[in-house]
Amino acid sequence: DAGITQSPRHKVTETGTPVTLRCHQTENHRYMYWYRQDPGHGLRLIHYSYGVKDTDKGEVSDGYSVSRSKTEDFLLTLESATSSQTSVYFCAIKFSGGAYEQYFGPGTRLTVT
Amino acid sequence: GENVEQHPSTLSVQEGDSAVIKCTYSDSASNYFPWYKQELGKRPQLIIDIRSNVGEKKDQRIAVTLNKTAKHFSLHITETQPEDSAVYFCAASKELGNQFYFGTGTSLTVIP
C-alpha cells in the first residue's frame, strides 16, 4: 500500500462547513496528489504537491485548497463544502528517481448534505 | 493538456474468454501509460504499465500494447476469471511530468 493512509475514511458534513482531509505517507515520497472520483468521470486531479510548500492546481481545483508543511502530510481543505463536492477522495503518491508509478491511498468517502 | 478516452465503458465476457479495453491519448509527448484495477469499494491498484520505448508488455494473463503513431494503447486480459471483474482505468503521463490523466473507466464483468 506504499505506506499511505487517509483520514477520516468516512465523513458526513453539512453544506457551508469547512472540511479537511488528511493524507499521510511514511516513505518520504516527494510527489503527492489529491483526486476525486465520481461515476462517469473517472479520477480527476484536484491538486498535487512536488515538495514541502510546493503545490499546484489540477483540473478541478475550484473550491479546494491544499497544504503541505511536512513531507509526510498533504491536507485537502474544502473551505465551504457544497453538495457537488460529495465524492470519494483519493490521495496518491508517485515514485521518483527512475520509477514513475503512482499508488493510491484507501480513499475518503465524503457526503455533503 | 492531455485528453484520455477509454472504451468501452462496460464489458461483459464469459469466463475463459478474452477481454480488450482500449484507450486513446492526445498529447504525443506522453510516454508512460499505466493501467489500474479497482474493485468495488477499494482503491485503484496498478496492474501493469508500459513506457513508450516498448510496444508490448506481458504479465501472466494480462498484456498491454502501445501504438505511438496512432496514439492508442490497449489492455488485454486472457482466460478471464470471475475475480477479474472490476473497473479498469487507463492513464497517460510524461515520465518527467507531474500529472496523470485518467480515462473514465471500463466496468468488466466476467460471467461464470
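Bear in mind that the values in this text are calculations on the coordinates, not laboratory data. Computed from a prediction, not measured in an experiment: that's the story for all the values here. No Cβ is skipped: glycine too gets one built from the backbone with ideal geometry, and neighbour counts run over all protein chains shown.
Odds and ends about this structure:
- Cβ-based charge dipole, region B:35-109, positive-most Cα from B:L75, B:L96, B:V54: B:L96
- Where only C-alpha atoms are counted, convex hull volume of the protein assembly as shown per residue in Å³: 117
- Alpha carbon convex hull of region A:15-113, projected area averaged over orientations, nm²: 6.2
- Average beta-carbon neighbours from other chains, 10 Å sphere, peptide B:38-46: 5
- Rounded to whole Hz, the Karplus (6.51, -1.76, 1.60) HN-Hα couplings of region A:14-19, x for glycine and proline: 9, 3, x, 8, x, 9
- Between the amide H of B:S85 and those of B:V110, distances stay under 5 Å, these residues lying 5 or more places away or on another chain, with hydrogens modeled in the peptide plane.
- When chain A is described by a simple charge dipole with +1 on each Lys and Arg Cβ and -1 on each Asp and Glu Cβ, the residue from A:Q37, A:S83, A:A2 located farthest towards its positive end is A:A2.
- Within region A:30-113, trypsin sites (Lys or Arg not before Pro) in DSSP loop having at most 14 other beta-carbon neighbours inside 10 Å: A:K53
- Coordinate range of the alpha-carbon atoms in chain B per principal axis, descending: 41, 28, 20 Å.
- Averaging the sequence gap over all C-alpha pairs within less than 8 Å and six or more residues apart, then dividing by the number of residues, gives chain A a relative contact order of 35 percent.
- Relative contact order [Cα under 8 Å, 6+ residues apart], region B:40-97, whole percent: 22
- Rg/Rh for region A:56-113, where both radii come from Cα atoms and Rh is the Kirkwood radius: 1.00
- Dipole magnitude of the protein assembly as shown about its Cα centre (Cβ charges: Lys, Arg +1; Asp, Glu -1), debye to nearest 20: 360
- Cα convex hull of region B:45-110, projected area averaged across orientations, nm²: 5.1
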